[in-house]
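The values are calculated or read from the model by the stated rules, or taken from the named source; none is laboratory data. Model, not experiment: these values are computed from the prediction. When we count neighbours, we look across all protein chains shown, and the Cβ atoms used for this are built from the backbone with ideal geometry, even at glycine. Ligands, DNA and RNA are excluded from the accessible area calculation, which covers all protein heavy atoms including side chains. Shrake-Rupley method; radii C 1.70, N 1.55, O 1.52, S 1.80 Å.
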Amino acid sequence: MTIRIKDMVLGEGRPKICIPLVNTTPQALLETAGRLSPDLCDLIEWRADWMEDILRPGYAEEIAEKLKKEAEPLPLLFTFRTSKEGGHLPASLQDYHKLTAAVISSGIPDLADIELFSGTREVKELIRLAHDQGVKTILSSHDFSATPSGNEILARLKQMEESGADIAKIAVTPQSPRDVLTLLEATLQAKEQLSCPVITMSMKGLGMPSRFTGEIFGSCLTFGTAGQASAPGQADAGELKAILELIHNSL
């Protein structure tokens, strides 16, 4: 299955490149977005958890509207990452749901990241709200300490699909090369068994091969940097694109 967002199609061809923006002020955020282009990446992610005042009512929607205009024609992914899954700003689950719902309700972002383990009822409500607004959803899970078993990785991805996600995402932390193989094997199984596109990655330097081989194993998107990284193991977007195109042209 493929997902089209503007001119970008996830689930076919080489993995698409997303650049996360982790700026701490609106001015820096807009300036960074203005320097990006379709020649470098396929979409941008606003990591809103890097802004200290982001929980102020109406503030995120105001910034998101300006950011979307600055980022055109690139699609915009909105993410507020909770601290338990690697986020920068501590926030209660209530604040997380309130903020994410508000931004989704605005209809501004093209995609929204929703954390799988942020509450079953709340997740379903956010997905319903997103679909009502025409916003695609990424259900996500992050493990910054270890790599779960292959069965557990696949089970989480299936749970995301069953919950109604447009795209299922999992990121794990390897402790050995075998952990990277576990992630890649589970990704291939998900590609064969799921009906939605998946995004997977093994983090840190050890897991970097997983960020390059998505077209082979089944991950439809990878993250590159144009400045500060949002997670360990992200490569420079320009270098990442060259590697992905080399692999694509060799297949």
(message) Give me the one-decimal nm value for the distance between modelled label points at R56 and R128, 7 Å along each residue's Cα-to-Cβ direction.
(response) 3.3 nm
(request) Classify region 175-251 as rounded, prolate or oblate, taking a ≥ b ≥ c as the square roots of the eigenvalues of its Cα gyration tensor: rounded when a/c is under 1.5, otherwise prolate if a/b is larger than b/c and oblate if not. (result) oblate
(request) Evaluate the distance, in nm, between pseudo-label points positioned 7 Å from the Cα of E239 and of K84 along their respective Cα→Cβ axes. (result) 3.5 nm
(request) Provide the solvent-accessible area of I243, counting protein heavy atoms only and rolling a 1.4 Å probe, rounded to the nearest 10 Å². (result) 60 Å²
(message) Ignoring GluC sites (Glu not before Pro) that are buried or in helix or strand per DSSP, and keeping those with at most 15 other beta carbon atoms within 10 Å, what is the longest stretch of the chain between them?
(response) 53-251
(message) Expected output is a single nm value to one decimal: the length gained when fully extending between N249 and E72, i.e. 0.36 nm times separation in residues minus the C-alpha distance. What is it?
(response) 60.9 nm
(request) Set the Förster distance to 45 Å, then compute FRET efficiency between S105 and L181 from the Cβ-Cβ distance, nearest 0.05. (result) 0.60
(request) With 24 Å as the limit, write out which pairs from K169/K204; K66/K204; K84/K191 have Cα-Cα distances beyond it, or answer none. (result) K66/K204; K84/K191
(message) Please compute the modelled spin-label separation between D7 and Q193, points set 7 Å along Cα→Cβ, answer in nm with one decimal.
(response) 3.8 nm
(request) State the percentage of accessible surface on the chain attributable to carbon and sulfur atoms; use a 1.4 Å probe and exclude ligands, DNA and RNA. (result) 50 percent
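Could you compute the FRET efficiency for K204 and A155, with r as their C-beta to C-beta distance and R0 at 22 Å, rounded to 0.05?
According to the calculation, E is roughly 0.40.
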(request) Per DSSP H run of n ≥ 4, the term is -39500 (n - 2.57); total these for the chain, divide by its residue number, and report the mean residue ellipticity at 222 nm rounded to 500 deg cm²/dmol. (result) -12500 deg cm²/dmol
(request) Rank these residues by their accessible area, most exposed first, probe 1.4 Å: S219, S195. (result) S195, S219
(request) Per residue, how big is the convex hull around the C-alpha atoms of the chain? Give it to me in cubic angstrom, could you? (result) 109 Å³
(request) Restrict the search to region 57-149; then list the trypsin sites (Lys or Arg not before Pro) that DSSP places in a loop and that have at most 14 other Cβ atoms within 10 Å of their Cβ. (result) none
(request) Report the residues of region 91-130 in range of a label on S145: point 7 Å along Cα→C-beta, backbone N strictly under 20 Å from it. (result) 91-93, 115-119
(request) Would you kindly state how much longer the chain becomes between T24 and R121 on full extension, computed as 0.36 nm times their sequence separation minus their alpha carbon distance, in nm to one decimal? (result) 31.8 nm
(request) Rank these residues by their accessible area, most exposed first, probe 1.4 Å: Y96, Y59. (result) Y59, Y96
(request) Using a Gaussian network model of the chain whose springs link C-alpha atoms within less than 10 Å, name the residue from A155, A190, A171 with the highest mean-square fluctuation. (result) A155
(request) Compute, for F117, the solvent-accessible surface of its heavy atoms (probe 1.4 Å) with the complete set of protein chains present, and express it in square angstrom to the nearest 10. (result) 90 Å²
